[in-house]
Structure formats: C-alpha cells, structure tokens
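The block underneath contains the structure these notes are about, expressed in structure tokens.
Nothing in this text is a laboratory measurement; each read-out follows from the coordinates by a stated rule. Because the structure is a prediction, the values reported are computed rather than measured. So basically every Cβ, Gly included, is an ideal-geometry build from the backbone, and we count neighbours across all protein chains shown.
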Amino acid sequence: MVSYNRVGDYSALLARLSQVEPSYSAVVFDELTLQNHFLPTIYAAHQHGQIDVYVHVEGNIANIYILDEQGALFHTKQEFYNLDTIMAHYDSFFYAVTQRINSFCLENGQSRPLKVRFYTLIQVLRHWDIKPYYIDHMQIPINPVDVTVIIEIINNQTEYNIFCNDREFTSLHYGDNVFTQLAEHILSLRIGKSNYPLYISDIDLPLESDNDDAQQTPQTINYLQYKIKFEQQLNSALNKLFELRVNTLS
C-alpha cells in the first residue's frame with residue numbers, strides 16, 4: 001500500500017522520519033523534493049534490516065545521520081575532533097545493541113540479523129559525495145571510561161542502573177543526584193581534570209508489550225533516542241561540576 005505525507009519544513013521532515021515504525025516501509029521522495037540533498041539518495045540505498053551511519057563534517061561540527069533497520073532516521077550533532085574516533089564509538093555501540101536485538105529475534109523465531117554500514121558525506125558544490133567508511137578494528141583506541149546503562153521502568157518511572165568501569169550507580173540509590181555522582185567519578189578518572197563530552201558505550205532497554213501482551217524488542221532508534229537523552233543529562237552534570245571546580249580554584 002502506498003501512502004504519502006506532507007510536512008511543513010525541513011525540521012518537521014526530520015521529526016516525521018524519526019518516528020518509530022511498526023514495520024518496514026520504503027521511503028521515496030518526490031523528485032522535486034530536496035533536490036541536491038543527500039536524504040533521497042541515502043533512503044534509496046537503504047535496505048530493510050540494515051543500519052546505515054552517515055557522518056558529515058562541517059567545520060568543528062559532525063552531523064550524524066543514522067537510518068535504522070525499519071527506515072527511521074536519527075540525527076544528532078556533536079563537536080568534531082576525529083573521524084576515526086566518532087566512527088569507532090558508533091561501531092562499538094552498535095555492536096552491543098545489535099547483539100541484544102539479534103539475540104531476542106533469534107529466541108523468538110525472527111531471523112533478521114542486523115548489519116551496520118558506515119559512510120562519509122561530503123558536499124562538493126551541489127553534489128554529495130557518499131563514500132563507504134571502513135573501520136580498522138586493530139586501530140580502535142581503548143576507551144578509558146566505559147559507561148553501560150541499563151534502563152528499567154518501575155511503577156511508570158524510569159530507573160537507571162549505570163556501570164562505569166568497575167563502579168555501579170543507581171537512581172534507586174542516588175535519586176535525582178545519580179548524574180552528579182557519576183559525573184564526579186568520571187572527572188576523578190580523567191588525567192589533567194580536563195572537561196569534554198562523554199558518550200556511553202552500551203545501553204539496555206526494557207522490552208515492550210503490544211496489545212496482545214507479546215514482548216516486542218525495541219527498535220534501534222529507541223536505543224539512540226535514550227542514548228542521546230542520557231548523554232545530555234550526564235554531560236550537563238559534567239559541565240556544571242567542571243565549572244564549579246574552575247571557579248573554586250580561580
């Protein structure tokens with residue numbers, strides 16, 4: 001069945017494309033829509049069960065676009081420091097996430113192992129150069145701070161169990177102060193006490209239930225949305241603590 005949607009502007013389009021889809025449906029853009037833009041091209045190349053990661057660097061900003069296995073689009077921006085490091089982070093993150101999703105699907109007779117592909121986006125005048133990016137796993141740097149987040153829904157409240165290297169932090173124990181406690185621990189591990197964003201290594205989400213109470217595994221975009229929300233809260237706590245320490249020393 002073919003359906004169509006009209007959206008007001010580019011921001012509204014990104015919001016529409018980021019919605020969770022119950023099943024895969026190919027997205028096709030009108031030929032007069034987004035001319036000289038990369039979105040129609042990357043959607044045309046996308047396949048069901050594939051996760052495609054695209055990075056477009058603009059000055060000191062890295063724009064990251066991710067198409068998940070159902071065709072939902074995730075977009076975020078972060079400070080650009082090194083392309084290899086950004087790609088290696090998402091490679092490691094998706095390795096953990098796809099292991100969880102694939103395991104659940106196999107247990108429930110759903111054979112759809114997810115694969116991840118990486119690309120760079122480079123704008124050349126009115127043309128987009130899209131190139132595959134190959135990660136050398138022998139050259140991936142070891143992350144000195146490994147943060148894994150396990151999310152549970154208890155009495156309709158989101159609770160966090162956070163593992164940072166060999167330490168555990170839980171929102172049941174620390175309450176709203178859990179991000180501050182975690183941030184203090186992370187700053188104590190950093191050489192030179194410098195401040196920079198932290199991106200989590202792994203996240204585990206609770207299974208959802210449909211109308212028939214059958215358990216449904218979260219879609220990849222669900223993991224990404226929880227990931228960015230958690231990182232915003234954590235990095236906000238890191239920034240506040242770092243500024244407090246700088247002001248105390250000055």
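Non-local amide H neighbours of Thr33 (under 5 Å, H modeled in plane, Pro and chain starts lacking H): which ones?
none
What lysines could a cross-link reach from Lys131, if we take a straight Cα to Cα line under 23 Å and drop same-chain neighbours fewer than 8 places away?
Lys131 reaches Lys77, Lys115.
So how far apart, in nm, are the two label points at Glu159 and Ala96 if each is 7 Å from Cα heading toward Cβ?
Output for this residue pair reads 2.1 nm.
Could you work out how far apart the two model spin labels at Glu184 and Asn60 are, taking each label as a point 7 Å from the Cα in the direction of the beta carbon, and quote it in nm?
3.1 nm
How far, in nm, would the chain grow between Leu83 and His48 when pulled straight, counting 0.36 nm per residue and subtracting the alpha carbon separation?
Separation in residues times 0.36 nm, less the Cα-Cα distance, equals 9.9 nm.
Which whole-number percent is the relative contact order of the chain (Cα, under 8 Å, 6+ apart)?
16 percent
From the Cα gyration tensor of the chain, with a ≥ b ≥ c the square roots of its eigenvalues, which class applies: rounded if a/c is under 1.5, or else prolate if a/b is larger than b/c, or else oblate?
Oblate, because a/c is 1.5 or more while a/b does not exceed b/c.
In the chain, what percentage of the DSSP-assigned beta bridges are antiparallel, given to the nearest 5?
On the way: 34 of 44 bridges.
Roughly 75 percent of the beta bridges in the chain run antiparallel, per DSSP.
Mark the label point 7 Å from the Cα of Lys229 along Cα→Cβ and return the residues of segment 176-200 whose backbone N is within less than 20 Å of it.
Backbone N within reach: 176-183, 198-200.
Give the cross-link partners of Lys240 among the lysines, using a straight C-alpha distance below 19 Å as the criterion and excluding same-chain residues fewer than 8 apart.
Straight-distance partners of Lys240: Lys193, Lys229.
If each residue of separation counts as 0.36 nm, what is the full-extension length gain between Thr170 and Ser18 once their alpha-carbon separation is subtracted?
Full extension of this stretch gives 51.8 nm more.
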